[in-house]
Amino acid sequence: MRKEEKQEIVQALAEQIKSYGNFYITDTSELSVEKVNGIRRKCFESDIEIKAVKNTLIKKALIEAGIDSEEIVGALKGASTMMFSEVANAPAKLIQALRKEGDKPLLKAAYIQETAFVGDNQLKALVSLKSKNELIADVIAALESPAKNVISALQSGGNTISGLVKALEQRG
């Protein structure tokens with residue numbers, strides 16, 4: 001591969017890192033072509049982009065993208081595959097599901113909202129991260145609850161302030 005081609009790959013990878021804001025680096029070495037193709041298919045179904053990339057190109061792309069993480073660079077050993085997704089925990093959930101079928105892919109590192117997670121032992125923490133949409137839903141549910149209590153109290157005959165207070169006290 002010529003130097004210009006490598007630079008194009010680094011530039012494109014750096015753009016992906018910037019646009020997604022999060023990525024996973026996994027180890028899929030020693031898997032059969034059939035298993036790797038199965039992983040690619042499941043990634044496609046889950047809106048996860050997957051790429052096999054040389055570690056030296058990943059290092060250069062990280063620098064180009066402005067990510068200074070020695071922990072991630074330290075995890076770049078052996079064959080590496082990168083996963084990108086709009087939903088930060090989607091690759092972790094997919095990796096966890098794939099691990100029910102075998103011992104790979106292994107999580108080498110992940111970068112989520114400017115935080116590095118290094119090592120396969122971080123997989124459970126990454127799976128439990130809530131996505132932006134899940135957090136918004138939690139906030140909306142928390143805001144809806146008091147309003148529902150007031151409306152319910154008003155509908156149950158508490159049309160006066162004292163009736164409203166009494167109904168709310170009964171609900172606890």
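The values are calculated or read from the model by the stated rules, or taken from the named source; none is laboratory data. Quick caveat, the model's predicted, so the values are computed rather than measured. Glycine also receives a Cβ, built like all others from the backbone with ideal geometry; neighbour counts cover every protein chain displayed. What goes into the accessible areas is simple: the full protein's heavy atoms, side chains included, and nothing from ligands, DNA or RNA. Shrake-Rupley method; radii C 1.70, N 1.55, O 1.52, S 1.80 Å.
Some observations on this one:
- No other residue among Ala88, Ala116 is of a type in the set (Gly, Ala, Ser), surrounded by 15 or more Cβ atoms within 10 Å (Cβ to Cβ) and assigned to a loop (DSSP other than H, G, I, E, B) apart from Ala88.
- Contact annotation: residue pairs with Cβ atoms under 7 Å, 6 or more positions apart or on different chains, pairing a residue in the range 1-12 that is in a helix (DSSP H, G or I) with a partner that is open to solvent by 90 Å² or more (accessible area, probe 1.4 Å), are Val10/Lys60.
- Val33 being open to solvent by 70 Å² or more (accessible area, probe 1.4 Å) and without any contact (Cβ under 8 Å) to a residue 60 or more places away in the chain: yes
- In the range 48-72, residue most open to solvent (accessible area, probe 1.4 Å) [restricted to those that are in a loop (DSSP other than H, G, I, E, B) and under 15 Å from Ser19 (Cα atoms)]: Gly66
- Residues being farther than 23 Å from Val118 by Cα, among the hydrophobic types (A, V, I, L, M, F, W, C) and within 21 Å of the chain's Cα centre (by Cα) are entirely absent from the range 51-60.
- Condition check for Gln113: within 29 Å of Lys42 (Cα to Cα) and either at pLDDT 75 or above or not acidic (Asp, Glu) (or both): yes
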